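The values are calculated or read from the model by the stated rules, or taken from the named source; none is laboratory data. Not measured: the values here are computed from a predicted model. Methodologically, a virtual Cβ is constructed for each residue, glycine included, from the backbone with ideal geometry; neighbour enumeration extends over all protein chains shown.
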Amino acid sequence: MINNKIKIGMNGSMLDGHPTGLGVYSFNLINSLSNLCTVDHYDNITVFTPTSLFLSGNLHITKLPDLLLSSKYGKLAALTRFFWNTFIYPFQAQKFDILISPTTHGSFFLKNQILTIHDLLSLRFKNISPHQRFYYKFLLPYLVSRAKFIIAISETTKNDIIHFLKCPEEKIHVIHNGYDENVYHPINYNQQLIEKKYGFVNYFLAVGPTYAHKNFEKLITAYNKLSPVEKIQNPLIIAGGKNPYLKNLKELVTCLRLTKHVHFLDYVPENLMPSLYREAFALIFPSLYEGFGMPPLEAMACGCPVITSSTSSLPEVCGNAVLYIDPAREDSITTAIRKLTNDSRLYDELKTKGLLQAKKFSWNKTAQTLKTLLENNTYPKTHEYI
């Protein structure tokens with residue numbers, strides 16, 4: 001069992017006051033792990049972070065410079081983060097026995113690290129961030145070789161780590177993501193919140209058009225094959241996203257004369273996302289490749305039926321609780337949309353199955369699995385460097 005005196009440090013250098021996917025994962029993992037350790041009378045976990053927002057009160061905070069905040073400093077924050085991880089982190093982390101990173105950020109001079117890899121999309125798709133591709137291709141393999149363990153958030157990501165980074169399989173541990181069941185649930189306390197705020201009802205929801213592998217062009221052209229009546233009955237709402245990909249999608253919608261039926265919400269505050277799922281007719285998630293796929297899990301937890309791709313990690317997350325499509329085929333997407341709108345029995349079945357499937361995941365389970373990994377591996381009371 002893990003020694004109660006073992007000191008755990010968490011690398012929160014990527015945390016921000018405006019969390020997106022990685023930030024949401026990091027905050028939830030850190031808080032959940034801290035709660036488990038506090039219950040077992042472990043030493044409080046120390047987090048290296050530029051912000052303490054959203055973090056549990058029982059954590060020790062080592063404040064990092066605001067220059068690491070991506071929402072304020074963009075690319076400069078990424079450069080500052082790389083400098084801190086490489087040259088300063090090893091000195092600040094000397095008193096810790098194990099250092100856990102919820103992302104791929106770490107130091108080349110530390111061996112007592114556990115790194116988390118969410119996906120290797122930048123190695124699969126060349127049109128994703130060039131600087132991320134450089135980091136993943138040339139620097140991450142060395143970090144991985146130095147780490148004690150690697151956490152992969154799915155079997156799909158584990159296979160990619162083995163293939164692209166040549167990491168031994170026994171070094172990788174699959175620990176699935178979770179979701180906050182206190183936030184994402186089917187009970188709608190605020191009736192018609194989305195209808196009142198945006199004016200949309202009975203809509204198909206699509207979330208997160210960030211890069212081309214999200215496959216939203218195919219979704220829009222497949223949606224365009226619906227009849228005018230079908231489009232009026234079920235508008236398509238696209239939430240979130242990043243430019244320039246989002247700009248391209250808006251131009252496509254204009255070109256296809258779909259502006260009356262396809263609507264963009266751009267950034268949706270985190271507190272509105274549960275209602276956005278609950279009030280949707282269904283979520284459509286046509287991604288070509290995912291390391292995990294949080295939107296389908298969150299949608300299922302809210303009682304929202306899901307249409308999603310039969311690729312990568314999505315069957316691993318969604319099981320038999322969704323309607324699968326071939327994301328490369330427009331007709332597959334269009335057929336699924338029509339099938340769901342015309343089959344009330346299937347619709348109700350997917351809602352029920354989705355709620356049951358979602359219960360297999362939680363942040364507490366994620367943290368407990370990580371804690372068990374620590375307990376099953378005794379770390380020496382020495383700090384390892386190059």
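Confirm whether Leu110 is in contact (Cβ under 8 Å) with a residue 12 or more places away in the chain and within 24 Å of Phe27 (Cα to Cα).
yes
Within the range 273-287, is even one residue surrounded by fewer than 18 Cβ atoms within 10 Å (Cβ to Cβ) and over 21 Å from Val24 (Cβ atoms)?
So far as the range 273-287 goes, no, none of its residues is surrounded by fewer than 18 Cβ atoms within 10 Å (Cβ to Cβ) and over 21 Å from Val24 (Cβ atoms).
Going through Leu121, Leu67, Leu76 one at a time, which residue ends up being among the aliphatic types (A, V, I, L, M) and over 30 Å from His213 (Cα atoms)?
Leu67
Would you kindly identify the helices (runs of 4 or more DSSP H) lying entirely within the range 104-155 that contain at least 2 residues that are at pLDDT below 95, more than 17 Å from Gly23 (Cα to Cα) and in contact with a strand residue (DSSP E or B) (Cβ under 6 Å, 6 or more places away or on another chain)?
Output list is empty.
So which residues in the range 200-227 are among the charged types (D, E, K, R) and in contact with a Lys or Arg (Cβ under 9 Å, 6 or more places away or on another chain)?
The answer is Lys218, and nothing else.
With the structure loaded, tell me whether Lys250 is farther than 14 Å from Phe204 by Cα, of a type outside the set (S, T, N, Q) and under 23 Å from the mean Cα position of the chain (by Cα) or whether it fails that test.
no
State all residues of the range 299-313 that are surrounded by 24 or more Cβ atoms within 10 Å (Cβ to Cβ) and closer than 23 Å to Ala212 by Cβ; if no residue qualifies, say none.
Ala299, Val306, Ile307, Thr308, Ser309, Ser312, Ser313
For the range 184-208, what are the residues that are not aliphatic (A, V, I, L, M) and not in a loop (DSSP other than H, G, I, E, B)?
Glu195, Lys196, Lys197, Tyr198, Phe204
Return the residues of the range 250-265 that are under 22 Å from Gln233 (Cα atoms) and either at pLDDT below 95 or not in a loop (DSSP other than H, G, I, E, B) (or both); say none if nothing qualifies.
Across the range 250-265, the qualifying residues are Lys250, Leu252, Val253, Thr254, Cys255, Val262, His263, Phe264, Leu265.
Tell me yes or no: at least one residue of the range 319-327 is touching a helix residue (DSSP H, G or I) at 6+ places or on another chain (Cβ under 9 Å), in the same structural domain as Ser107 (by TED's automatic domain parsing), more than 24 Å from Lys225 (Cβ to Cβ) and of a type in the set (A, V, I, L, M).
no
List pairs: first in the range 193-210 and at positive phi, second at pLDDT 90 or above and assigned to a helix (DSSP H, G or I), Cβ under 7 Å, 6+ apart or cross-chain?
Within 7 Å, the pairs are Asn202/Gln233; Gly208/Lys214; Gly208/Pro295.
Does Tyr179 qualify as being in a helix (DSSP H, G or I), touching a residue at least 12 places away in the same chain (Cβ under 8 Å) and of a type in the set (Phe, Trp, Tyr)?
No.
Out of Lys365, Lys339, Lys360, I need the residue that is farther than 29 Å from Asp180 by Cβ and not hydroxyl-bearing (Ser, Thr, Tyr). Which one?
Lys339
Pick from the range 192-236 the residues that are β-branched (Val, Ile, Thr), within 30 Å of Ser129 (Cα to Cα) and surrounded by 21 or more Cβ atoms within 10 Å (Cβ to Cβ): which of them is farthest from the chain's Cα centre (by Cα)?
Restricting to residues being β-branched (Val, Ile, Thr), within 30 Å of Ser129 (Cα to Cα) and surrounded by 21 or more Cβ atoms within 10 Å (Cβ to Cβ), the top hit is Ile220.
Could you list, ordered by first residue, the pairs with Cβ atoms under 7 Å in which the first is in the range 255-269 and free of Cβ contacts under 8 Å to residues at least 12 places away in the same chain and the second is outside any loop (DSSP other than H, G, I, E, B) and surrounded by 11 or more Cβ atoms within 10 Å (Cβ to Cβ), at least 6 apart or interchain?
If the second residue must be outside any loop (DSSP other than H, G, I, E, B) and surrounded by 11 or more Cβ atoms within 10 Å (Cβ to Cβ), the pairs left are Thr259/Val253.
List every residue pair whose Cβ atoms lie under 9 Å apart, where the two residues are 6 or more positions apart in sequence or sit on different chains, the first residue falls within the range 82-100 and is crowded, with 21+ Cβ neighbours inside 10 Å and modelled with pLDDT of 95 or more, and the second residue, located anywhere, is assigned to a helix (DSSP H, G or I) and not aromatic (Phe, Trp, Tyr).
Trp84/Leu67; Trp84/Leu68; Trp84/Gln92; Ile100/Leu29; Ile100/Ile30; Ile100/Leu33; Ile100/Leu370; Ile100/Leu374
Using beta carbons and a limit of 6 Å, which pairs, at least six apart or on different chains, have the first residue in the range 350-368 and farther than 23 Å from Phe281 by Cα and the second one assigned to a helix (DSSP H, G or I) and among the small types (Gly, Ala, Ser)?
These pairs meet every condition: Trp363/Ser32; Asn364/Ser32; Ala367/Ser32.
Please return the ranges of strands (runs of 3 or more DSSP E) entirely within the range 277-366 where 3 or more residues are more than 19 Å from Ala152 (Cβ to Cβ) and among the hydrophobic types (A, V, I, L, M, F, W, C).
Result: 282-285.
Quick one: which of Phe91, Phe27 is part of a helix (DSSP H, G or I) and more than 20 Å from the chain's Cα centre (by Cα)?
The conditions single out Phe91.
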